[in-house]
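Comments concern the structure below.
The values are calculated or read from the model by the stated rules, or taken from the named source; none is laboratory data. What you see is a predicted model, and the numbers here were worked out from it, not measured in a lab. Because the Cβ atoms are built from the backbone with ideal geometry, glycine has one as well, and the counts that use them run over all protein chains shown.
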Amino acid sequence: MGPILERISLPEDIKKLKPGELIALARELREYIITVASQNGGHLAPSLGVVELTLALHFVFEAPRDKIIWDVGHQAYAHKILTGRKKQFKTLRTFGGLSGFPKRDESPYDAFGVGHSSTSISAALGMALARDLKGEQFEVVAVIGDGALTGGMAFEALNHAGHLKKKLIVVVNDNEMSIAQNVGALSAYLSRIRTDPKYSRGKDELEALIKKIPHIGPTMVKIGERLKDSFKYLLVPGMLFEELGFTYLGPIDGHNIKEMIEVFSRAKTFTEPVVVHVITKKGKGYHLAEENPDGFHGVGKFYISTGEPVEVPRVSFTEIFGKALVELAQDRPEVVAITAAMPTGTGLNYFAQKYPERFYDVGIAEQHAVTLAAGMACEGLKPVVAIYSTFLQRSFDQIIHDVCLQNLPVVFAIDRAGIVGEDGPTHHGIFDLSYLRMIPNLTIMVPRNEDMLRKMLFTAINHPGPVALRYPRGAAVGVELTPYEQLPVGTAEVLKEGSDGVVIGVGRPLNYALKAAQKLENEGISLTVIDARFVKPLDYKLLEEIGSLHKPIITVEENVVAGGFGSAVNEYFAFKGIGTKVVNLGIADEFPPHGKVEEILNLYGLTEEKLYLKFREILSKL
């Protein structure tokens with residue numbers, strides 16, 4: 001930790017620094033962030049890109065009285081360090097340590113809890129409206145990336161804020177990236193602003209020229225006005241924001257602290273909404289991250305000198321999915337792939353390289369992605385929509401109304417289902433079985449390993465209706481891959497026969513459950529272990545068979561117990577009047593914390609050892 005950073009505890013300490021010291025502090029902050037991220041992993045490149053921006057914001061504004069809201073929160077590491085969490089920062093993303101995202105119950109300086117994209121302007125406007133209704137005086141600043149501006153919610157908020165004309169500052173952090181390279185018309189628009197000369201005198205000069213035209217009638221006056229407006233739209237930077245009701249300031253250099261302090265100080269004087277357009281470089285200050293901002297967006301432990309990971313990652317479920325989709329699409333020209341700003345994160349980068357004309361990255365717009373797929377399916381295509389579980393929540397209505405209501409053959413490839421680890425409660429994919437299971441026409445499959453994932457993807461692509469296929473983050477199990485196979489929909493697989501009780505479940509925990517049952521076998525306790533495979537429809541015939549045995553039944557899943565797979569089993573037994581005792585194991589009715597996947601699974605009793613103890617306890621009681 002550098003000598004200047006040692007002197008900084010809270011934002012008011014920054015205000016005492018000289019310009020040269022602020023520049024040196026930015027360098028020390030980067031060094032500290034890189035050091036901690038190399039040990040704990042995290043969102044490195046985004047946070048490196050906003051160090052000067054963070055310093056300027058805390059120099060000008062009076063947090064926590066003034067509210068600074070970070071969209072998504074990938075870029076908030078410098079903010080955390082400067083707001084009383086400098087020493088705790090070493091615990092970043094560790095179990096019981098600091099969250100990787102702004103979190104209201106962690107610090108009063110975290111004005112709004114975030115983790116998902118495009119929410120900051122809505123939250124900021126809400127705070128501004130509350131401020132004015134209560135007659136209070138403070139500034140509200142939303143910091144949103146150009147990538148997050150591809151989300152429709154951001155435009156809904158901009159439209160509303162511009163209409164209300166409330167005092168509000170929106171800082172657009174423009175680095176041409178979200179997680180991957182930005183796509184879409186808005187990105188191209190911001191690019192033009194970055195490269196065009198700043199507008200200064202053009203509009204005034206054109207108005208003066210029009211006034212010199214002889215008075216030859218109202219028609220020419222109207223033509224002149226249209227010409228003036230056309231010129232303005234062509235040359236004025238930020239005209240889109242101006243038309244939405246914001247005063248536009250920028251673009252400015254997001255690594256020039258002095259310039260940003262001047263512009264933010266000016267923005268405070270406005271009584272109506274303001275957009276400050278700041279140009280930054282993702283990964284700034286660490287040449288490897290600057291050269292590969294996508295690869296260093298989110299990192300595990302790595303060697304600072306080379307950027308190489310400390311642990312060589314094993315093949316992941318994501319990689320297995322991505323390569324399998326490429327293979328299956330070879331003879332199926334109707335198969336297309338859609339992602340929402342995460343081609344690499346979802347494994348669709350392989351598909352994009354092989355079939356670029358059949359790949360669509362819609363930006364951070366999950367709702368649009370789903371309805372886009374519905375439209376394609378109407379015309380005979382087979383869309384595969386790959387989105388993280390926690391982000392698919394944002395397209396819930398579109399899944400129901402646009403896909404399932406019309407029984408369209410869309411495949412939802414749901415990555416990061418279950419516990420995701422260090423990203424914590426905003427990213428754990430623990431609700432999808434519950435929010436999808438109730439939708440008519442939707443088939444839901446959950447593989448326990450990578451071989452089953454391939455078979456399920458093959459089955460999903462051949463299925464005539466909508467299918468959800470959910471699988472976890474991280475390393476695959478390590479089983480041998482066998483040829484593709486069409487699975488009969490709604491059929492389970494018995495993995496082990498036993499006589500004292502039945503364990504039935506889905507997904508990753510089933511592997512641990514099988515090992516726990518084998519361990520109990522050595523103690524004379526015999527359990528049947530069943531991979532349900534399908535959450536919807538269930539294998540009703542098999543359920544009736546195990547229900548008729550009148551032996552204890554234990555369900556296991558990496559989803560909240562409320563409304564999940566176990567609930568489906570309970571409901572069927574209740575409907576059939578089967579009175580067998582059922583115990584549901586899964587995630588409790590709460591938001592799990594952040595930490596290593598194994599730590600969180602252990603917390604909820606879903607590891608091999610915890611399941612072994614739980615099975616033994618349940619059987620001894622029942």
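List of remarks:
- Flag for Phe302 being touching a helix residue (DSSP H, G or I) at 6+ places or on another chain (Cβ under 8 Å) and outside the structural domain of Glu422 (by TED's automatic domain parsing): yes
- Residues that are surrounded by 15 or more Cβ atoms within 10 Å (Cβ to Cβ) and within 35 Å of the chain's Cα centre (by Cα) within the stretch 571-594 comprise Tyr572, Val582, Val583, Asn584, Leu585, Gly586, Ile587, Pro592, Pro593, His594, listed in sequence order.
- Subset of the stretch 117-139 [surrounded by fewer than 20 Cβ atoms within 10 Å (Cβ to Cβ) and assigned to a loop (DSSP other than H, G, I, E, B)]: Lys134, Gly135, Glu136, Gln137, Phe138
For (1) modelled with pLDDT under 95; (2) at negative phi, each residue gets a yes or a no:
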{"site": "Ser230", "(1), (2)": "yes, yes"}
{"site": "Gly245", "(1), (2)": "yes, no"}
{"site": "Leu249", "(1), (2)": "yes, yes"}
{"site": "Gly254", "(1), (2)": "no, yes"}
{"site": "Phe302", "(1), (2)": "no, yes"}
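- Single residue of the stretch 282-339 satisfying the filter (among the basic types (Lys, Arg) and surrounded by 19 or more Cβ atoms within 10 Å (Cβ to Cβ)) that is nearest to Asn449 (Cα to Cα): Lys282
- Residues of the stretch 471-519 satisfying the condition of being more than 30 Å from Thr580 (Cα to Cα) and of a type in the set (S, T, N, Q): Thr482, Gln486
- Criterion: farther than 24 Å from Pro425 by Cα, of a type in the set (S, T, N, Q) and touching an Asp or Glu at 6+ places or on another chain (Cβ under 6 Å) - qualifying residue of Ser620, Ser548, Ser526: Ser526
- Pair list, Cβ < 7 Å and 6+ apart or interchain, from the stretch 3-22 residues that are surrounded by 14 or more Cβ atoms within 10 Å (Cβ to Cβ) to residues that are at pLDDT 95 or above and among the hydroxyl-bearing types (Ser, Thr, Tyr): Leu5/Tyr32; Leu10/Thr83; Pro11/Thr83
- Single unsatisfied condition, Leu514 versus (1) of a type outside the set (Phe, Trp, Tyr); (2) without any contact (Cβ under 8 Å) to a residue 24 or more places away in the chain; (3) over 25 Å from Phe317 (Cβ atoms): (3)
- Options Asp110, Asp105, Asp146: the member that is more than 18 Å from Glu366 (Cα to Cα) and surrounded by 23 or more Cβ atoms within 10 Å (Cβ to Cβ): Asp110
- Inter-residue pairs, beta-carbon under 6 Å, first farther than 19 Å from Leu549 by Cα and in the stretch 610-622, second of a type outside the set (D, E, K, R) and not in a helix (DSSP H, G or I), 6+ apart: Lys614/Gly605
- Ile444 being in contact (Cβ under 8 Å) with a residue 60 or more places away in the chain, assigned to a helix (DSSP H, G or I), over 15 Å from Thr318 (Cβ atoms) and not small (Gly, Ala, Ser): no
- The single residue among Leu510, Leu469, Leu495, Leu457 that is in a strand (DSSP E or B) and closer than 23 Å to His428 by Cα turns out to be Leu469.
- Condition check for Thr482: in a loop (DSSP other than H, G, I, E, B), surrounded by fewer than 24 Cβ atoms within 10 Å (Cβ to Cβ) and of a type in the set (Val, Ile, Thr): yes
- Counted residues, the stretch 526-539 - those being farther than 24 Å from Leu457 by Cα and crowded, with 18+ Cβ neighbours inside 10 Å: 2
- For the stretch 305-338, a residue qualifies if it is touching a Leu at 6+ places or on another chain (Cβ under 7 Å) and without any contact (Cβ under 8 Å) to a residue 24 or more places away in the chain, and exactly one does: Gly307.
- Residue match in the stretch 432-443 (condition: at pLDDT 95 or above and farther than 19 Å from Ser567 by Cα): no
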